[in-house]
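These notes are about the structure you will find just below.
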Amino acid sequence: MPHKPPPPGKQPAAGFGLKSILFLVFSVLLFLTPLHGWGADWTPLIDRLVRDGYDEKAIRSLFSHPQAQFDPAPMSQKIEALVRRSSRKPLPGQGKIKDVYKGFLQPEAIDRAYAFSHEHRETLKRVRARYCVPEEVVVSIMLVETGLGKNTGSRRAFNVLASMAAARDLEEIRAFLPPDLLTPANEGYARARLREKADWAYRELKSLLRYAEENRMDPLEIPGSIFGAIGLCQFMPSNVASYGVDANGDGRVDLFATDEALHSIGKYLRGHGWKCQMSRKQQHRVVMAYNHSHIYANTVLSVAEKLRSKARSIERQRSQQTNRS
């Protein structure tokens, strides 16, 4: 997922007393901090996994680990976004259709992306030959998704997905929603979407457990985004089976390995309609399949254009130097 700059902080209104400010600070910290055991009963989720064939002893051991913590933020943020979108009340900072994330277009970001392209040029050539996706588009996605692999998420993907899967009742997260969000008119919608997202998270949780087993990883040690995307390319775990690439032939797909993440991006785009000859509009539509955001797709394609322009400029300089020699 793309990284959006946080909205500017709001100053407390004049007349707020110390108690009010302390209450606000406590509320924010309570919302942002994952909770261990608070309001979370893992039993229904554990039972569901066992019914689906998972080893009961292993699953109970996993959920009893101190690092297995209930995190209300992912589901509450998802439901808030869905409810506001349904009522056409945009979230603060929601952009226009032609907007971009300007930070990724700054010269220093483009320089880092170009250096990354040069470092991994052989892998990127193979990705282009195999999937017809240009090097600069693949690198642009890596830049926007994880800062070229430097930020793979600050949460535990297991906690994110398990918490969302467990939060099938609106009461599990009501305390973490803005007090003015739910109304008699939209509460039914919120409950339906919550159950839908809980089922989606359950499927992703099972895919994460499968990924961890295949890669001989501790599922609690896999970092992820706010909604459970993993790896340098930020795939949802269910995408690994269809689009993950074992680039080195060791029998595993390691999305935290640069070569395999780059190949996986290429395969994903190819699988969603990328062709060797495409208009910008067609490219935009395919990139939108990676992240359903116009701003995201605009940014990816704009970064790719700047990378092409920088490559041409460097090539001209080299040619001029060769000619002068």
Residue list for the stretch 141-154, filter: touching a residue at least 60 places away in the same chain (Cβ under 8 Å) and surrounded by fewer than 20 Cβ atoms within 10 Å (Cβ to Cβ): 147, 149, 151, 154
Residue list for the stretch 150-168, filter: within 18 Å of residue 41 (Cα to Cα) and part of a loop (DSSP other than H, G, I, E, B): 167, 168
The stretch 238-278: number of residues that are surrounded by fewer than 20 Cβ atoms within 10 Å (Cβ to Cβ) and within 20 Å of residue 150 (Cα to Cα): 4
In the stretch 223-241, the residues that are outside any loop (DSSP other than H, G, I, E, B) and either more than 20 Å from residue 63 (Cβ to Cβ) or free of Cβ contacts under 8 Å to residues at least 60 places away in the same chain (or both): 235, 239, 240, 241
Residues of the stretch 112-134 that turn out to be touching a residue at least 60 places away in the same chain (Cβ under 8 Å) and of a type outside the set (S, T, N, Q), as a count: 12
Pairs where the first residue, in the stretch 206-222, is among the aromatic types (Phe, Trp, Tyr) and the second is at pLDDT 95 or above and assigned to a loop (DSSP other than H, G, I, E, B), C-beta under 7 Å, 6+ apart: 211/237
Residues satisfying the stated conditions in the stretch 53-67, i.e. within 28 Å of the chain's Cα centre (by Cα) and more than 14 Å from residue 209 (Cα to Cα): 64, 65, 66, 67
Members of the stretch 124-139 that are in contact with a Pro (Cβ under 9 Å, 6 or more places away or on another chain) and not aliphatic (A, V, I, L, M): 128
The stretch 169-213 - residue that is in a loop (DSSP other than H, G, I, E, B) and either among the acidic types (Asp, Glu) or in contact with a strand residue (DSSP E or B) (Cβ under 6 Å, 6 or more places away or on another chain) (or both) and, of those, surrounded by the most Cβ atoms within 10 Å (Cβ to Cβ): 169
Filtered residue count, the stretch 174-194, keeping only those that are farther than 15 Å from residue 76 by Cβ and under 24 Å from the mean Cα position of the chain (by Cα): 1
Some residue of the stretch 156-163 being touching a residue at least 12 places away in the same chain (Cβ under 8 Å), surrounded by fewer than 19 Cβ atoms within 10 Å (Cβ to Cβ), of a type outside the set (D, E, K, R) and under 30 Å from residue 67 (Cα atoms): no
The stretch 275-296: number of residues that are part of a helix (DSSP H, G or I), farther than 13 Å from residue 136 by Cβ and in contact (Cβ under 8 Å) with a residue 12 or more places away in the chain: 9
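Residues checked against (1) under 20 Å from residue 210 (Cβ atoms); (2) without any contact (Cβ under 8 Å) to a residue 24 or more places away in the chain:
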{"position": "244", "(1), (2)": "yes, yes"}
{"position": "250", "(1), (2)": "yes, yes"}
{"position": "271", "(1), (2)": "yes, no"}
{"position": "298", "(1), (2)": "no, no"}
{"position": "312", "(1), (2)": "no, yes"}
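The values are calculated or read from the model by the stated rules, or taken from the named source; none is laboratory data. Keep in mind the model is a prediction, meaning the values are calculated, not measured. Please note: Cβ atoms are built from the backbone with ideal geometry, for glycine as well, and neighbour counts cover all protein chains shown.
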